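Reading through the structure tokens given below for one structure.
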Amino acid sequence: MPTDALAAQEVRKTYRTRGGPAVEALSGVSMTVHAGERVALLGRNGAGKTTFLKIAATLLRPTSGSVSVFGHDAIRAPDEVRPMIAVVPQEGKPFFHLTPREQVYSYLRARGLTRATAKAKAEQALSEMGLTEVADRLSINLSGGQRQRTMVATVIATSAPLLFLDEPTIGMDPFARRSVWESLRALTRQGSTILLTTHYLDEAEALSDRLYIVERGRVLIEGTAASLKQGIGGSLRVSVADGARLAQQFASFGSCVTDGTTLHVLIEPPRLSELLDVAVRAQLTATVGPVTLEEAFLRAVGRSIDEE
Amino acid sequence: MALPAPAFRGTVAFSAAESRVQLHEGVAIFSSMITQAVVLVFVWVLARSLLPVAVFGAIIFSMFTFGQRVLNEAAYIRVDHKLNELYLASPLTPESYFLGIAVGVLVAYLGPTLLLVALAALWVGFTPALALELLLTATAVWLFSSSLGYVLSTLFRDMRAIWSYAAILYNLFGVLPPVFYPVGLFPAPLRPVALVLPPSAAADLLQNALHPGVLTPGEVGLAAAALATASLGMFLFALVWARRTAQEA
Ligand SMILES: Nc1ncnc2c1ncn2[C@@H]1O[C@H](COP(=O)(O)OP(=O)(O)OP(=O)(O)O)[C@@H](O)[C@H]1O
Ligand SMILES: [Mg+2]
């Protein structure tokens, strides 16, 4: 059996701050990322995503639990793990006084690549990230999104076996985000494995083979985007404008969520025409669309918050 | 220290990038020399005969302030840029990461210090023995202060806190003790303190080389032993510390 790219068991982390109360950021997270997979970690702000990523990437010591990367102990033998990984840190910035070209190239050289390989890989990553035009401009003079692209280019250029990307596309325009997705897909085709976090659920859906939703330091749900969406009780969303006041009439069709005066009803296709009839009779406008991952996320996490 | 070849290759590449980054800060490089230049002007005006002592002191002081640059740079790229995460989660070892910053800063800032060395050659002239002693003491002070700077950099989570601490540290240990002025003018009961602090130990050893007899043989032994112990000890500690803090607690 081939070893998993990442296997985490019961990882706990309690931050102890001077003067302040201790913060339990992770309360026993277990997860597996198979070699060649793209996995997304989702969760609200403060859920523990960055904490988990840093522990897995040998940058933070957990309070307890174990993490292995390709069978090597990431906590006790970080030296064996580090050559196989690369990290896009959350809110990282390139060296302001290097150009993107120098930044990517010098990073690859520091990782031990030869001049020729580093040069070729840097050029390819810069072009994939659409940085060719600004490749010789100091990063201090780049826009926020261009800097973020430089950080991503630096890391994807490594084609490391396991890549950790913490909110890699933050601040990027829709074209740049799609370039990142394309590069990450290409990397996994060539054998790399990817664990990323994102708050863009369309990105998580477009990019990842599997998702973990983390909430208050625990894994709430694990599965594919499709299975998560199925889990919330319907594959279609009917949005009834001004329908919130008639929520009771629609309750029998499926689960209902109000959003201002609009009512969203999640249903399965066979009941669609029946529901539309009710809406037409009440002289309301209804829009039909597929359930999105965002809805699944809001429902799943919302339910868990309600239960607290 | 025996670094495996690939790790060493990474250090060179990383320190080259660091130097390049530092060299963009022309004003910082200029300002790194301003204290030394001002002190030398004061001495020129007030007591010209002390210029040889002061210029050697200025060289040692420069080596000492490189540690302050290491402190600033290591903290800045960690706190503001999170580049430590990029470099530490990579084949570059934590030791090489620390060394890369230290060497990168040295290369970028060494230029103006070499001007001071040229002045020293002009005013004093170098015997091979004096040149060797300068090389050894200056290296020891650099090793000590860069190691200390890196270790301290890991303790801060906010850049603003650093500036005030660094100013205290570098003035207290670099300006106050007899670095720029003769050790003979320092209060006698406190001489042992001056002789164990690395910057003044180095400067006073050089003063003794310029004017044999300003230190007793016992004091020479004390200063040399203290300097060697402090620089090697701090360097080894920084290597261990770099590895420990690569994985935050
Ligand atoms: N160094 C620290 N010291 C104390 N508490 C911390 C520290 N870092 C994070 N925390 C706390 O741990 C929890 C998890 O933080 P983490 O950064 O892992 O969240 P996240 O899921 O990445 O959030 P976001 O989506 O905002 O990036 C939060 O409650 C946070 O306040
Ligand atoms: Mg985060």
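Observations
- Phi-based couplings in Hz for the range B:238-245 (Karplus 6.51, -1.76, 1.60; Gly and Pro marked x): 5, 4, 5, 5, 4, 5, 4, 7
- Accessible surface of the range B:11-248, 1.4 Å probe, proportion on carbon and sulfur as whole %: 75
- Rounded to 0.05, the FRET efficiency of the A:T292 and A:S27 pair, given R0 = 22 Å and the Cβ-Cβ distance, is 0.15.
- Interface burial for B against A (accessible surface, 1.4 Å probe, total of both chains, Å², rounded to 100): 3200
- Most fluctuating residue given options B:T216, B:T139, B:T229, as computed from a GNM of chain B linking Cα atoms under 10 Å: B:T216
- In Å², nearest 10: area of A:K54 left accessible to a 1.4 Å probe: 30
- Per-residue HN-Hα couplings for the range B:67-84 [Karplus 6.51, -1.76, 1.60; θ = phi - 60°; Hz; x = Gly/Pro]: x, 5, 5, 4, 4, 5, 5, 5, 5, 5, 6, 7, 6, 8, 10, 6, 6, 4
- Summing Lys and Arg as +1 and Asp and Glu as -1 over all other residues whose Cβ lies under 9 Å from the Cβ of A:L293 gives a net charge of -3.
- Between the amide H of A:V11 and those of A:G28, A:V29, A:S30, A:S66, distances stay under 5 Å, these residues lying 5 or more places away or on another chain, with hydrogens modeled in the peptide plane.
- Sorting A:E308, A:E10 by solvent-accessible area of protein heavy atoms yields A:E308, A:E10, largest first, with a 1.4 Å probe.
- Comparing each chain alone with all protein chains together (probe 1.4 Å, DNA, RNA and ligands left out), the residues of the range A:73-113 losing at least 40 Å² of accessible area are A:D79, A:R82, A:P89, A:K93, A:F95, A:H97, A:L98, A:Y107, A:R109, A:A110, A:R111, A:G112.
- Over chain B: helical MRE at 222 nm, DSSP H runs n ≥ 4 each giving -39500 (n - 2.57), nearest 500: -26500 deg cm²/dmol
- B:Y165 exposes around 140 Å² of accessible area when a 1.4 Å probe is run over every protein chain in place.
- Among the listed pairs A:K13/B:K82; A:K49/B:K82; A:K49/A:K93; A:K54/A:K121; A:K49/A:K121, those whose Cα-Cα separation exceeds 22 Å are A:K54/A:K121; A:K49/A:K121.
- Listed residues B:L152, B:L122, B:L106, most fluctuating in chain B (Gaussian network, C-alpha, under 10 Å): B:L122
- Using a cutoff of 8 angstrom between alpha carbon atoms and counting only pairs six or more residues apart, the relative contact order for chain B works out to 28 percent.
- One quarter of the convex hull surface built on the alpha carbon atoms of the protein assembly as shown amounts to 32.2 nm², the projected area averaged over directions.
- Using a cutoff of 8 angstrom between alpha carbon atoms and counting only pairs six or more residues apart, the relative contact order for chain A works out to 18 percent.
- Shape index of the range A:231-285: Rg/Rh, with Rg the Cα radius of gyration and Rh the Kirkwood radius from the inverse mean 1/r over Cα pairs, equals 0.92.
- The orientation-averaged shadow of the Cα convex hull for the range B:11-248, equal to a quarter of the hull surface, comes to 12.8 nm².
- Average accessible area per residue (Å²) across chain A - probe 1.4 Å, nucleic acids and ligands excluded: 44
- Computed with a 1.4 Å probe over protein heavy atoms only, the accessible surface of the range B:11-248 comes to 41 Å² per residue.
- Helical contribution to [θ] at 222 nm, DSSP H n ≥ 4, -39,500 (n - 2.57), averaged over chain A, rounded to 500: -10000 deg cm²/dmol
- Label zone at B:L122 (point 7 Å along Cα-to-Cβ), backbone N below 20 Å, the range B:52-77: B:52-63
- Computed over neighbours whose Cβ is under 10 Å from that of A:G145, the net charge equals +2, Lys and Arg +1, Asp and Glu -1.
- A:T132 accessible area, 1.4 Å probe, all protein chains in place, Å² to nearest 10: 80
- DSSP-defined antiparallel bridges as percent of all bridges, chain A, nearest 5: 65
- Close amide-amide hydrogen proximity is noted between A:L42 and A:Y212, A:I213, A:V214, each under 5 Å apart and 5 or more residues distant or on a separate chain (H modeled in the peptide plane; Pro and chain starts excluded).
- Around the amide H of A:A135, modelled in the peptide plane, lies no amide H under 5 Å away from a residue 5 or more places distant or on another chain.
- Vicinal HN-Hα couplings computed from phi for the range A:138-153 (Karplus, 6.51 cos²θ - 1.76 cosθ + 1.60; Hz; Gly/Pro x): 4, 4, 5, 9, 8, 6, x, x, 5, 5, 5, 4, 5, 4, 5, 4
- Heavy-atom accessible surface of chain A: percent carbon and sulfur, 1.4 Å: 51
- Counted charge near B:A16, where neighbours are those whose Cβ lies closer than 13 Å (Asp, Glu -1; Lys, Arg +1): +2
- Mean partner shielding of peptide B:77-85, defined as the number of other chain Cβ atoms within 10 Å of each residue Cβ, is 6.
- The shape of the range A:1-102 comes out oblate: with a ≥ b ≥ c from the C-alpha gyration tensor, a/c is at least 1.5 while a/b does not beat b/c.
- Whole-Å distance, taken between Cα centres, linking the range A:128-196 and the range A:237-308: 37
The values are calculated or read from the model by the stated rules, or taken from the named source; none is laboratory data. It should be emphasised that the depicted structure is a prediction, and the values quoted were computed from it without experimental measurement. Here Cβ is always computed from backbone atoms with ideal geometry, including for glycine, and neighbour counts include all displayed protein chains. The protein model used for the area step is the full one, side chains on, heavy atoms only, and it has no ligands, DNA or RNA in it. Shrake-Rupley method; radii C 1.70, N 1.55, O 1.52, S 1.80 Å.
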